[in-house]
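The values are calculated or read from the model by the stated rules, or taken from the named source; none is laboratory data. In this text the structure is predicted, and so the values were computed from the model without any measurement. Because the Cβ atoms are built from the backbone with ideal geometry, glycine has one as well, and the counts that use them run over all protein chains shown.
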Amino acid sequence: MLRAVDTNVLARALVEDGTEQGRRALECIRDSEVFVPETVLLETEWLLRSQLGVSRAAVNTVLSKLLSLENVNFDDSTKIANVLSAHQEGMDFADALHLLSAQDCEELVSFDRDFARRAAKLALPVPVREP
């Protein structure tokens, strides 16, 4: 049975907080075939980084390990791997996900000049330009 997981389950499994819910979350991820929606991955990165104070490098490491698990599925594992690579190279996780989700577009428009600069520096496939 394929189970989709919510952020509260995924995050508890990743931080192993020693609670009953944490134990159950870890068992669910470890012992089931699970699907992680991109929205859950995005929210989990934000939660780990901004609410739990997990460093950028540690977030990237734990999400990369998650991606490598055979029982964990994503809409597009290659895209998530590319997001993690861009994140490791300094791009904001959400920006990388937005940009790599727009692969079929000619450009992504944004007023965020730092986003455009980072995307150009990493030579990602879709340019970021101001509207």
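Each row is one residue, and each column tells you yes or no for (1) under 22 Å from LYS79 (Cβ atoms); (2) in a loop (DSSP other than H, G, I, E, B); (3) at pLDDT 95 or above.
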position: ARG23; (1), (2), (3): no, no, yes
position: ARG30; (1), (2), (3): no, no, no
position: VAL34; (1), (2), (3): yes, no, yes
position: LEU41; (1), (2), (3): yes, no, yes
position: LEU47; (1), (2), (3): yes, no, yes
position: LEU63; (1), (2), (3): yes, no, yes
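Checking each residue in region 104-125 for being aromatic (Phe, Trp, Tyr) and under 15 Å from ALA86 (Cβ atoms) picks out only PHE115. Being of a type outside the set (Gly, Ala, Ser) and not in a loop (DSSP other than H, G, I, E, B) is the filter here; which residues of region 1-21 pass it? Hits for region 1-21 are LEU2, ARG3, THR7, ASN8, VAL9, LEU10, ARG12, LEU14, VAL15, GLU20, GLN21. The residues on offer are VAL9, VAL62, VAL40, and the sole one that is in contact with a helix residue (DSSP H, G or I) (Cβ under 7 Å, 6 or more places away or on another chain), free of Cβ contacts under 8 Å to residues at least 40 places away in the same chain and closer than 30 Å to LEU122 by Cα is VAL40.
No other residue among VAL36, VAL40, VAL126 is surrounded by 13 or more Cβ atoms within 10 Å (Cβ to Cβ) and more than 12 Å from the chain's Cα centre (by Cα) apart from VAL126. Against the conditions (1) surrounded by 15 or more Cβ atoms within 10 Å (Cβ to Cβ); (2) over 11 Å from the mean Cα position of the chain (by Cα), SER50 satisfies every one except (1).
Of the set (1) among the aliphatic types (A, V, I, L, M); (2) touching a Lys or Arg at 6+ places or on another chain (Cβ under 7 Å); (3) touching a residue at least 24 places away in the same chain (Cβ under 8 Å), all apply to VAL109 but (3). Here is a check on your reading of the model: is ALA81 among the hydrophobic types (A, V, I, L, M, F, W, C), surrounded by fewer than 18 Cβ atoms within 10 Å (Cβ to Cβ) and under 20 Å from GLU16 (Cα atoms)? No.
Selection over region 109-128 of residues that are of a type in the set (Phe, Trp, Tyr) and in a loop (DSSP other than H, G, I, E, B) gives a count of 1.
Filtering region 99-111 for residues that are hydrophobic (A, V, I, L, M, F, W, C) and within 12 Å of the chain's Cα centre (by Cα) leaves a non-empty set.
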